[in-house]
1. Any idea how far the Cα center of region 323-352 sits from the one of region 282-302, in Å?
2. Between GLN85 and GLU295, take the C-beta separation as r, use R0 = 25 Å, and let me know the FRET efficiency to the nearest 0.05.
3. Before rounding to the nearest 500, sum -39500 (n - 2.57) across all DSSP H runs of length at least 4 in the chain and divide by the residue total; then give [θ] at 222 nm in deg cm²/dmol.
4. Using the charge dipole of region 275-391 (Lys, Arg: +1 at Cβ; Asp, Glu: -1 at Cβ; taken about the Cα centre), state which of ALA336, THR287, GLN374 has its Cα farthest towards the positive end.
5. Could you please state, rounded to a whole Å, how far the C-alpha centre of region 6-85 is from the C-alpha centre of region 175-191?
6. When only C-alpha pairs under 8 Å and at least 6 residues apart count, what is the relative contact order of region 328-371, in percent?
7. Looking at the chain only, what percent of DSSP beta bridges run antiparallel? Nearest 5 please.
8. Looking at region 91-231, what % of its DSSP beta bridges pair antiparallel, to the nearest 5?
Amino acid sequence: METNRFIAERMEQVPFSKIRKVFEEVLRREQKGEKIIHLEVGRPDFDTPDHIKEACKDALDRGQVHYTSNYGLPELRKAVAKKLQVENNIKYDPETQLIITSGVTEAIFMGMMALLNPGDEVLVLTPCFPAYNTAIRIAGAKPIEVPLNEADGFKPDVIKMQSLITPRTRMLIVNTPCNPTGAVYDRSVLEALAKMAIQNDLLVMSDEIYEKMVYNGAEHISMASLPGMASRTLTLNGFSKNYSMTGWRIGYVAAPSNLIGAMLRIRQYVTVCPTSFAQWGAVAALTESQACLQEMVAQFSRRRELVYEKLSSMKNIHVCEPRGAFYVLPNVSKLALGPTALAHYLLDEAKIAVVPWGEAHIRISYANSYENLQKAMQNMNSAIERLQRSS
Ligand code: PLP
């Protein structure tokens with residue numbers, strides 16, 4: 001029986017990701033025994049550090065298996081507030097200005113649902129992490145895509161943004177270090193964005209999930225630490241990337257208490273709280289040794305250099321140097337195949353999985369071993385040369 005009539009109309013605003021097709025193809029091939037090098041993954045390839053797992057196991061043994069506060073575990077909120085003050089120079093009250101979330105994804109969704117009215121417009125620097133646009137649409141609001149300036153290292157073009165502001169513009173999303181571009185915005189860029197937000201009375205959603213993954217002297221600066229910004233900024237961050245805890249589903253959002261209150265009312269009826277014992281693991285992540293983090297970032301830094309150098313030497317591929325996160329976004333528009341066809345071609349010819357991104361790019365994640373990345377880059381180079389010879 002045809003059952004489409006049971007699906008809500010709002011779901012027409014939420015397409016399946018185009019990326020899925022490539023993922024499904026990768027899966028099919030692996031099931032047949034083909035060896036594919038994964039450059040499509042958006043997660044660190046390391047295990048969660050042992051001391052974090054131990055803290056979680058200990059919490060289970062101590063019977064920490066019940067609901068926590070809707071705001072999240074008080075011990076974790078305190079640790080997050082301390083971290084935000086010491087590392088990010090932003091002061092939040094752990095009692096009223098912080099919610100521990102089931103990953104940054106939940107914080108994005110709650111933020112849009114609690115703070116956007118239908119018809120509101122949100123400035124989204126593009127290319128961007130796809131969850132923003134989806135959550136904006138589900139909230140009945142409208143993403144206004146503002147192309148990042150690729151010629152200038154994927155920096156925001158503040159003048160262009162300004163020209164897109166209307167009386168309906170309510171929010172601006174900032175993601176630095178950025179997925180998928182790898183850009184890290186300097187203080188001057190953030191100051192220009194902050195000035196624009198203040199002048200136009202905009203809220204800012206600042207997604208800082210890749211905060212620790214910065215290389216070659218790049219510095220992460222929190223939007224809310226800039227003068228006048230804490231009262232209009234939602235600071236989003238989490239444990240997925242920094243501590244290789246994607247499956248634990250723990251993140252947080254910090255903001256003025258009335259905005260937090262609005263988000264909490266959604267949380268009360270959707271997830272109630274994040275998994276109690278996973279939150280104890282996150283306490284250990286923040287309060288114990290950070291050596292694991294430094295080791296992981298050192299590995300990413302080495303891999304970044306390799307991948308950037310190899311991609312830069314490939315003919316007709318243009319690549320901006322990534323300064324953060326663990327992605328690079330080469331422009332492939334000079335090749336004979338568009339991004340989706342190219343991703344399939346690379347799967348066939350180089351045995352590597354990449355993500356087609358928009359009309360001109362593919363995203364490559366270097367969350368894979370140095371050896372695999374060496375092989376992947378070699379395979380890709382040969383495949384691209386063959387493609388150019390034949391076209
Ligand atoms: N924000 C960005 C920019 C991301 O790249 C991701 C995951 O890839 C997320 C948020 C979601 O992270 P979480 O696992 O905390 O939900």
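1. 30 Å
2. E(calc), rounded to 0.05, equals 0.50.
3. -13000 deg cm²/dmol
4. ALA336
5. Rounded to whole Å, the Cα centres lie 23 Å apart.
6. Values: 56 pairs, mean separation 19.7, N = 44.
It rounds to 45 percent for region 328-371.
7. Details: 17 of 38 bridges.
Taking every DSSP beta bridge within the chain, about 45 percent pair in antiparallel fashion.
8. Numbers: 1 of 16 bridges.
Taking every DSSP beta bridge within region 91-231, about 5 percent pair in antiparallel fashion.
No value in this document is a laboratory result; all are computed from the given coordinates. Here the structure is a predicted model, which is why all the values come from computation and not from measurement. Using ideal geometry, Cβ is built from the backbone for each residue, glycine included, and neighbour counts are taken over all protein chains shown.
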